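Here is the structure we will look at.
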Amino acid sequence: MDTRKEKFPYGIPGHNLSEIEREIPIEEPPVWPVNDKLKIIGKRVTRIDALDKVTGKAKFTSDMKLPGMLYAKMLRSNVPHATITSIDISKAESLAGVHAIHLIENAQKEGEENKSGKYPMVKYVGQPLGGIAAESLEIAKDALKLIKVNYEKKPFVIDIEAAMEIGAPIVFDVPITQQQDGGDVGETHDGSKGQGNVRGPSTSSFFGGPRGDLAKGFEEADVVVEKTYRTQVQTHMPLETHGVVVDWNSDVMMVYASTQNTAGVRNEMASVFNLPKSKVRVFCDFMGGGFGAKHSAGSFGPMAANLAKKSGRPVWLMMDRKEEHHSEGNRPNSIQYLKIGAKKDGTLTGIQQRSHGTAGVGLGAGVGRIAQVLYPCPNFATEQYDVLTNAGPGAAWRAPGNVQGAFGLEQAIDELAEKLNMDPLTYRDHIDKSEVRKVERQRGAKLFDWSRRKPAGSGKGTVKKGLGVGQSTWPRFVTLDSSVEVKIHNDGGVEIRSSVQDIGTGTKTILAQVVAEELGLQVNDITVNIGDTFFPVGPGSGGSVVTGSITPPARNATFEAKTALLKLVAKKWEKDSSALFMEDGMIGHKNDASLKMSFKEATKLMRTSQISKTASRSDDYGGFQQPWGLAFGDLGSVQFAEVSVNTDTGFVKVDKIVAAHSCGRPLNLGQLESQINGGVIQGLSYALYENRVMDNATGHMMNANVDQYKVPFSMEIPEIETLIVEEYSALSSTDAYGIGEPANIATAAAIANAVYNAIGVRIYEIPITPSSILKALNKVS
Amino acid sequence: MNKFSWYEAKSVEDALEQVSSTVSEELYQQTNNASVFKSGGIDLFDWVKEGLLQPEKIVNIRNIPGLDKISYDEKKGLSIGSNVTLAEIASNPEIKNNYLALHQAVNHAATPQLRNISTLGGNIAQRNRCWYFRSADHDCYRKGGDRCFARHSENGENENHAIIDNGSCVSIHASSISTALMAFNATVVIVNNEGKKKNVSMDEFFVTAAKDIAMENILQAKELITEIIIPAPGKNTKSAYIKQVARESYDWSLGDVAVVFEVSGNNTCRSASIVLGAAAPIPFRSMEAQKAIEDKLITNENALAAAKAAMSIARPLAKNGYKVPLFVATIKQAILEIS
Amino acid sequence: MEDKNKKSGAKPGNGISRRSFIRGAGLSTAGSVLLTTNAFALNNKEPLTAENEFGPDAMTIKMKVNGITKSLSVEPRTTLASALRDHLELTGTKVVCDRGSCSACTVYLDGKPVNSCMLSVFDVGDKEVTTIEGIAKNGELHPVQQAFIEHDASQCGYCTPGMVMSCVHLVDNNSDPNLEDVKNATRGNLCRCGTHPHVFKATMDASKKMI
């Protein structure tokens, strides 16, 4: 391969910025300097779709209305464990306005008898059983009421600890693999190992397995912390629920989806219906939040398609709020045992972790890799178990597993620091080898004024203030199957296309920024057409991969198109194209100021209507940490929390958060702030309010609404200060990464540590409610 | 929602002619062919959307003339029409100046949008928010079923439920505004289809679960609330209202307290009216706290003693023990805010 | 005395007046009427007739939305939110919780913010409905909308219409709101993406620009 050598900015500006030489493929674009020197990258650029959002023009999947469209509703079980003996749809079928009914039946395998009979066994309240399509949503709901399902109930178990007991009702008596929504739910295990409802353990991740010798490590320890931490089940509650509109009237199945992964949904639907990929088109222009739960076509995707086929009409199928809560995914809970040992100088000698979590009828209730990789420690082992219960399946939820894991580890580290008589921030300086987190601690502590921190519980008065800190790390995942097409049109217009979707993070805008920067144009000059699988396949919006995966190909394709256009201008000017540049909408010559042409004029030189270049994600400069797409480095963060706790009423208020983050080369400051705000607010919500309340006696979620499933509203929002640390790693043509998940990991831990600092009593279980505080203060008899 | 017809009532008599049962009766019996009243509709539509109520006809009383006035007179006191919205109450300066606890209670209720729709009559007549009661999948006592799901000591999710009067139903009354109204000794004016008018004190308006499992108030099918009256405050009347919540923005009460005292010159409580919200299936007048503070100096010590007296009869469930210290702190604070 | 016919929108000889409603088999063929509230007022001494009862089947009613009177065929169980979204294709108003808990469905009734998912379309009467689509006048954005764009106050955008409605109402009625006022005005607005800090900044900024 032809290569060239280039010098790239490397390190953290204001700290250790230097240069590094990389040998890169010859066709890669020129080196980008640090953001200071760029015009559009790293600035505050307003979102290109903001106008549609503030005027109500933005059309989400739930807003779609196609000619002849029917409205559908799913039929779901309302018992937690049962065999279905019969389903009578006769009354529903004959209701005026009902066009199609589809029931989910067991796939018949030749020569095999299905244990549960015609219909799949019911394993949780809310399990999909079928669907109805009718003229209106009201008629579909009327019809649902007329369906009679006969159940033969079976024993069931809801509570995780009850499910772990010998003799507990068995949820699955066969080995299982991850069934429902994919995504990285935690550490996905092989569900064949284990006993009863307990499956696993998972003992390794892509960062490896156990290290060293734990027994020896603890022998060497002068201080040991040994505690159990608990976290709750959290549902995603996106404002727009899951759902699709399927139009299958031609031989192309058109799917409008509220999704984080248009290509993933396309592939799934094609597979389910045995269609070539080219005959399924998935479209997502605006979507109302996913947070990890919307990666797949779910059960509603195929259901809508089946109803569309049966009725011959387009079908709208969106979940209602109740369905969204109990069936469309959740962050599993956790019971985490941690034992950490250190020498009296603070050096870590051993980290042992054992966790149990339930993802309902799914797998993947792990606690991530925080304990494994956040702080170097020679002796480490983890055992992460899944516990099956008769409840809705888990799904990826913004930094799956790792949010739970950070809550446990970061509190344990604080406890260790206290035993060592060290300030928790100073202790982290001691054990944390990450350069970027070092800078984040320094700059963050200053902005937060960490020096205000007083000894735990020392405040006078009823309302006690506390300060706390929490840290996190997140891998730089790269999805290699990430492509874009860039077109320069011969009217001066520029367009970028990909199937990648914008889930509210601002993907549309950063793509426009990258293209504009490269061509010397304005963001408004660029048309961004994404969220359509007729375009080159882009990454799913998960793992915080999009920015790092799609912006290098976006730049590379733009560079290729630019090169082609410059060649035409060079030919006209009879000059070498390597001496031409694009800036401020013009094309010029480095050594001849008289040669100037507008970008638009230049496009008139084109022989065809468009110059079209497609690029896919190339390898990282200097290679990957792991070849499937794990880049070197990580996305570290440090978050500081200030809380006020009323020791009479247990009321906790988060007054302020300082969130220090790194995402490589920042692209859009306003959007990054928004992402960090969002992660922090969700982390705060997880720490103080959210909890899926299951009724153990009947298997129902009792707060499947917005009223009693609590998340913060305006008065709960603290002052949030964001601090972005630029870090150049010289790994790709944009060197930019995402921030979605990193923003959410450390917050609950920081708040829990702050609560300890306020009241002098540590809380080992979230959510931290007034009841938790009053119990911790021994005020509840 | 199920299909229903809509009747636009033109007068109280007209409205009363149309209804056949109360919402409470319907929730208990589930005949699915009833005609029921709708004022603001916030509570009603929740029942209908959950499928627990499938009325045949909704009688809209929201536009009946004459039920939407607020009038205050120094001697006669305050009259609030049953169709007055919570927003109108919240922004009324005379209520703020003379009935502070009521003003505070209304300002803490719901959201700005809901306050523009909800009416006072609907608010005090609303049913409780126990999640089993509000679930179509759980047939509890209040819906003609054979059990209380919340009370089960091992399995019941009763963290939001009652600590007092929780022998049968353990729900808590949902109207935190009623806490303040009862503390002000409000009277509910009820008119029936024979044109008869009766004044019922708030204390008598609410019905305990022990008395009638199907009702939370005494309204019968052919009766309509037309007005709520509060006596004029005395020269020395002072009030306070505190609502504890997990979220300040808007939340159901974890425990709220309304205190209305006649205070003498030397800061002695001459007469005490202390009502607890979110403690019992009805807004609960704490006779224990009232007795403990009456004729006493309002001090830290005496306030605390009254608060503890209030909680001496509390019998918390498995998950709501926190309400006891919460109420002790809140009752004490409310009493002290008076002085 | 107001001309009741004018108020009801039923002009003599043009369309069907209230008097000619037919009761019984639903009123779907009875033509258009503007449901009035005040027309049932004190001075209406007419005997009670079937004109007060509507549905349960669909019938055509008129409703004034964003300054334009619209005709639509709805049942009493049709919520105002559904009427706007499904019948009038004004999809800016969103249904998120369908229980009045999240304010995503906020519209104005005679200028007052209400939850349209908890109102029947028959609750509207002759009040004027304003939706998010009616906030920008003649293509000119309200200062709050402009500020939302400048301060990145939208992420996924689903809560944005409700937020804008709450914030516009605040700044249009309070010339100098502080942060507490902005938080109070939006205390019923659910947002899962965490736009709140930027919403607050945008609204404070917009109100300063409006002085």
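Restricting attention to the range A:20-32, and to residues there that are under 21 Å from residue A:517 (Cβ atoms) and out of contact with any Leu (no Cβ under 8 Å at 6 or more places or on another chain), which single residue is surrounded by the fewest Cβ atoms within 10 Å (Cβ to Cβ)?
In this case the residue turns out to be A:30.
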Filter pass, residue B:92 being surrounded by fewer than 24 Cβ atoms within 10 Å (Cβ to Cβ), in contact with a strand residue (DSSP E or B) (Cβ under 8 Å, 6 or more places away or on another chain), over 22 Å from residue B:257 (Cβ atoms) and facing another protein chain (nearest Cβ under 10 Å): no
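Residues checked against (1) more than 13 Å from chain A (Cβ to nearest Cβ); (2) crowded, with 24+ Cβ neighbours inside 10 Å; (3) closer than 17 Å to residue A:52 by Cα; (4) out of contact with any Phe, Trp or Tyr (no Cβ under 6 Å at 6 or more places or on another chain):
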| site | (1), (2), (3), (4) |
| --- | --- |
| C:119 | yes, yes, no, yes |
| C:129 | yes, yes, no, yes |
| C:132 | no, yes, yes, yes |
| C:143 | no, no, yes, yes |
| C:176 | yes, no, no, yes |
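Name the strands (runs of 3 or more DSSP E) wholly within the range A:455-510 that hold at least 3 residues that are of a type in the set (A, V, I, L, M)?
Numbers: elements: A:463-472, A:475-477, A:483-489, A:494-498.
Per the criteria, A:463-472, A:483-489.
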Residue within the range B:232-245 that is within 14 Å of another protein chain (Cβ to nearest Cβ), hydrophobic (A, V, I, L, M, F, W, C) and touching a helix residue (DSSP H, G or I) at 6+ places or on another chain (Cβ under 9 Å) present: yes
Conditions (1) at the interface with another protein chain (Cβ under 8 Å from one of its Cβ atoms); (2) hydrophobic (A, V, I, L, M, F, W, C); (3) in contact with a His (Cβ under 9 Å, 6 or more places away or on another chain): number failed by residue C:168: (1)
Flag if residue B:49 is facing chain C (nearest Cβ under 7 Å), out of contact with any helix residue (DSSP H, G or I) (no Cβ under 6 Å at 6 or more places or on another chain) and in a loop (DSSP other than H, G, I, E, B): no
Restricting the range B:86-96 to residues that are of a type outside the set (A, V, I, L, M) and touching a Phe, Trp or Tyr at 6+ places or on another chain (Cβ under 9 Å), the residue that is farthest from residue B:72 (Cα to Cα): B:92
Some residue of the range A:41-61 being more than 14 Å from chain C (Cβ to nearest Cβ) and not acidic (Asp, Glu): yes
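Table: residues versus (1) at pLDDT 95 or above; (2) under 19 Å from residue A:770 (Cα atoms); (3) in contact with a strand residue (DSSP E or B) (Cβ under 8 Å, 6 or more places away or on another chain).
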{"residue": "B:239", "(1), (2), (3)": "yes, no, yes"}
{"residue": "B:246", "(1), (2), (3)": "no, yes, no"}
{"residue": "B:261", "(1), (2), (3)": "yes, no, yes"}
{"residue": "B:269", "(1), (2), (3)": "yes, no, yes"}
{"residue": "B:274", "(1), (2), (3)": "yes, no, yes"}
{"residue": "B:281", "(1), (2), (3)": "yes, no, no"}
{"residue": "B:286", "(1), (2), (3)": "yes, no, yes"}
Boolean, residue B:160 is out of contact with any helix residue (DSSP H, G or I) (no Cβ under 7 Å at 6 or more places or on another chain), surrounded by fewer than 20 Cβ atoms within 10 Å (Cβ to Cβ) and farther than 24 Å from residue B:220 by Cα: no
Tally of residues being of a type in the set (S, T, N, Q), at the interface with chain C (Cβ under 7 Å from one of its Cβ atoms) and over 22 Å from the mean Cα position of the chain (by Cα) across the range A:672-717: 2
Boolean, residue B:175 is among the hydroxyl-bearing types (Ser, Thr, Tyr) and touching a Ser or Thr at 6+ places or on another chain (Cβ under 7 Å): no
Which numbered condition residue B:105 fails, given (1) outside any loop (DSSP other than H, G, I, E, B); (2) of a type in the set (A, V, I, L, M, F, W, C); (3) within 14 Å of chain C (Cβ to nearest Cβ): (3)
Qualifying residue in the range B:308-329 (condition: away from every other protein chain (no Cβ under 14 Å), under 28 Å from residue A:776 (Cα atoms), within 22 Å of the chain's Cα centre (by Cα) and not basic (Lys, Arg)): yes
Among the residues listed as B:178, B:171, the single one being in a loop (DSSP other than H, G, I, E, B), among the hydroxyl-bearing types (Ser, Thr, Tyr) and either touching a residue at least 40 places away in the same chain (Cβ under 8 Å) or away from chain A (no Cβ under 11 Å) (or both): B:171
Residue in the range C:195-207 that is within 18 Å of residue B:247 (Cα to Cα) and within 14 Å of chain B (Cβ to nearest Cβ) present: yes
Selected residue (criterion: nearest to the other protein chains (Cβ to nearest Cβ)) from residues of the range A:225-243 that are of a type in the set (A, V, I, L, M, F, W, C) and under 19 Å from the mean Cα position of the chain (by Cα): A:239
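Residues of the range A:769-781 being of a type in the set (Val, Ile, Thr) and either more than 10 Å from chain B (Cβ to nearest Cβ) or not in a loop (DSSP other than H, G, I, E, B) (or both), which ones?
Scanning the range A:769-781 gives a single hit, A:773.
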Any chance residue B:119 is crowded, with 22+ Cβ neighbours inside 10 Å, within 11 Å of chain C (Cβ to nearest Cβ) and in contact (Cβ under 8 Å) with a residue 24 or more places away in the chain: no
Failed criterion for residue A:8 (all others in (1) touching a residue at least 40 places away in the same chain (Cβ under 8 Å); (2) in a loop (DSSP other than H, G, I, E, B); (3) farther than 30 Å from residue A:315 by Cβ hold): (2)
Test: residue A:616 is in contact with a helix residue (DSSP H, G or I) (Cβ under 9 Å, 6 or more places away or on another chain) and more than 30 Å from residue A:567 (Cβ to Cβ): no
Any strands (runs of 3 or more DSSP E) falling wholly within the range A:80-169 and containing at least 2 residues that are under 26 Å from residue C:79 (Cβ atoms): A:98-103, A:128-134
The range B:268-303, residues that are within 21 Å of residue B:181 (Cβ to Cβ) and assigned to a helix (DSSP H, G or I): B:287, B:288, B:289, B:290, B:293
Single unsatisfied condition, residue A:745 versus (1) in contact (Cβ under 8 Å) with a residue 60 or more places away in the chain; (2) crowded, with 24+ Cβ neighbours inside 10 Å; (3) within 21 Å of the chain's Cα centre (by Cα); (4) within 14 Å of chain B (Cβ to nearest Cβ): (4)
Odd one out for residue C:190 among (1) closer than 23 Å to residue A:286 by Cα; (2) touching a strand residue (DSSP E or B) at 6+ places or on another chain (Cβ under 8 Å): (2)
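The values are calculated or read from the model by the stated rules, or taken from the named source; none is laboratory data. This is a predicted model, so every value here is computed, not measured. Cβ coordinates were reconstructed from backbone atoms using ideal geometry, including for glycine residues, and neighbour counts include every protein chain displayed.
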